[in-house]
1. Find, among the trypsin sites (Lys or Arg not before Pro) in region A:9-115, those assigned to loop by DSSP (not H, G, I, E, B) with at most 15 other beta-carbon atoms within 10 angstrom.
2. Collect residues whose amide H, placed 1.01 Å from N in the peptide plane, falls under 5 Å from the amide H of B:I125; neighbours closer than 5 in sequence don't count.
3. Could you give the nm distance between label points at A:K82 and A:E164, where each point is 7 Å from its Cα heading toward the beta carbon?
4. Which of B:T486, B:F198, B:I325 sits farthest toward the positive end of the charge dipole of the protein assembly as shown, with +1 on the Cβ of Lys and Arg and -1 on the Cβ of Asp and Glu?
5. Take peptide B:203-211, look around each residue's Cβ out to 10 angstrom, count Cβ atoms belonging to other protein chains, and average those counts.
6. Between A:L21 and B:E556, take the C-beta separation as r, use R0 = 51 Å, and let me know the FRET efficiency to the nearest 0.05.
7. Under 5 Å between amide hydrogens, which residues at least 5 positions from B:E463 or on another chain qualify, with H placed 1.01 Å from N in the peptide plane?
8. If you take every residue apart from A:V160 with its C-beta less than 13 Å away from the C-beta of A:V160, what net charge results, scoring Lys and Arg +1 and Asp and Glu -1?
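Every read-out reported here was derived from the displayed coordinates using simple, explicitly stated rules and does not represent laboratory data. Note that the structure is predicted; figures quoted are calculated from it, not measured. Please note: Cβ atoms are built from the backbone with ideal geometry, for glycine as well, and neighbour counts cover all protein chains shown.
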Amino acid sequence: MENNKDMFTVSIYTENNIGLLNRISAIFQRRHINIESLNTSPSEIEGVSRFTILVNIPEVQIKKIVGQIDKQVEVIKAFYHKEEDTIYQESCLFKIKSDLLFEERQIQNIIKDSNANIVTVNKEFFVLEKSGRKNEIDLLYKELSVFGIMQFTRSGRIAVTKDEMKISKMLAAFNH
Amino acid sequence: MNFKGSIFMRMNTETIKEQKQTTGTTHRITGCEAIVRCLLEEGVDILYGYPGGAIMPVYDELFKYQDKLHHVLTRHEQGATHAAQGYARISGKVGVAMATSGPGATNLITGIADAQIDSTPMVCITGQVGSHLLGSDAFQETDIIGISTPVTKWNHQITKASEIPEVMAKAFYIAKSGRPGPVLIDITKDAQFEEFDFKYEKCQAVRSYIPVPKINSKDIEAAAELINNAKKPMVVWGQGIILGDAEEEFKAVIEKTGIPSAWTILGASAIPSSHPLNVGMVGMHGNYAPNILTNSCDVLIAIGMRFDDRVTGNLATYAKQAKIIHFEIDPAEVDKNVKTDVAVLGNAKESLAAILPLLNKNSHTDWHNEFKKLYEIEFEKVIKNDLHPTKEGLTMGEVLNEINIQTKGEAAIVSDVGQHQMIACRYAEFNKTKSNITSGGLGTMGFALPAAIGAKMAAPEREVVAIIGDGGYQMTIQELGTIFQTKVPVKIVVLNNDFLGMVRQWQQLFFDKRYASTEMTNPDFVAIAKGYYIEAKKVTKREDLKNAVAEMIASENAYFLEVRVEKEDNVFPMIPSGASVSDIRLS
């Protein structure tokens, strides 16, 4: 069905300019679309930023939105990808009472089994880091929440695509 | 004092030469002088604006440069944007508006949004509080970059004088290139005072921006094949023809193929109204034939238009039987509203020139006859009564008809928004391109009076007639002050029915005549015009119309004409909101 929603990852290569985040987020806001997650970072090209945005909408709509994003003057190129076309990860941090590490043996097993890393430990609390797919992080959260979590935060999705995105070529063409 | 002697007519070649000599060399100047110098480098001769605290240094420079650059003081910043739009629409050049920070800047927003949706090239310059005050809720501080972001093609805040030349060059390049649009540049007061070495280079390209997509010859071939095999092809053209300077190429294509061609409201005047292939306007109050036959054609060729909902009516029943070809400069418009079979990206001038040799000669006589038959029905039921009424009250249509006759279709018609706008666009005769200046996409009441000022200043040799309703007129009526001060000889026609007529029409048709807040108790418009020392007259009877229009057109000065028209006339044909184009009503 044309109107069935799917999860799409949007990759946007941009100039690194003030206000561009506002301009891009306005394109979603205006169409009453909730952004599931958003990440901005440098890209593989010096001076070029990369946005990774996750949205859950029909494909016919994401096509139009990527067109609107691509049209912005400071956007070099925008793409959208289906789940199977990307390799993606999220990252999260848990702050948990240190006592629990010794009182609840189970926690050590959870840490081991989930491939989470202990970032720091002090008398009061320890910090656990985990990168992975959304469902892995969800599971870890569920398991740890039984013992009490002092703080939890999670990053937006970051993703690389299986196919090439020819940004360097596009920029090289401009320089000639 | 007459218009021809006013200061902005005195730009002479010497001053232009003088400017050119400075290009490429460096001079230590202030940011505010640099702004003025950038405007001169871009060939700006007139700008519209309103001074205030945060832009005062620039105004001080405008005072010094007044022999080279004419600043027109409007009576409201919104008026400045519409005047800049009128200037841009009639000339194809970039319109420039200037305002101070805070309320000055926010008052520009309506005009900017209008320019964005109607693809009008415009550069707005706003003053901003000093950079050390940004974010402190300083006096007249507002986040104009944040506010204007969704309605600008590009915007940028300058906090250092050294950024000015590059950013200004980019602003003009972006506003004018590709699909044009408004750009806003916000400049902090400290950047205006700061000194730096000025050097100007015009912008030729921006690496993240492709203004015109490359034409794909395969698409041209596919489009040509569809057109050549079509039995009932129909063209719907939009403003892309005018913005792309493609009038000649367009005429060549339709004349060779003989395809009946209809226009969107902003496409009007690209070819003369009397052209035999011109079959009228599409859309909500467009002509009967092109709307009905949209749902009969076998190939619909859309050129430089964007399938606005006022054009398509219900999308689910729009041209479903037809193959759709879309000639378009903006890739984001392709498949946005109507799924195309062949999209030809590129500017209309090049695409149409490229396709011309591939097209077969044709005349489509039988198909044209279908248009003629439907036109006759529309003429009998609507047009005749609009243009040559036999009832007592004056119609808007007969006023337009009289203006057509007396200007010989040579005038630029600047219309506001509402019933009079639909009548003006339906009936105005256009012999020249860039002659229909109206607020299409945004539907901004108050547009016409200031836009007419800008249009007349950009094209002083042309007759510019503003057609305005009594509602919209009062939204920017203060611009009479601008007309008085500059002596710009615009002709202003207010079609007064003491109603917000279009809303009243909808109330009559769809809300059981509950006329909620649409009746207007109007002032003495003639007295108001005379208060600004503008010649003014009021017509209430048919027998006085001809002479009154003649007197207005003959006047060398600004002239105000109020015509009292029938209070409760409706505009037909009409596609009710959400209905199909083929369900267009004649009454």
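1. Details: sites: A:R23, A:R30, A:R31, A:R50, A:K63, A:K64, A:K71, A:K77, A:K82, A:K95, A:K97, A:R105, A:K112; in loops: A:R31, A:K71.
Here the sparse-neighbourhood loop sites are A:R31.
2. B:A97, B:M98, B:A99, B:I185
3. 2.3 nm
4. Most positive-ward Cα: B:I325.
5. On the way: counts 0, 0, 1, 4, 9, 16, 8, 7, 1.
For this peptide, the per-residue mean of nearby foreign Cβ atoms is 5.
6. With a Förster radius of 51 Å, E is 0.40.
7. B:A412
8. -1
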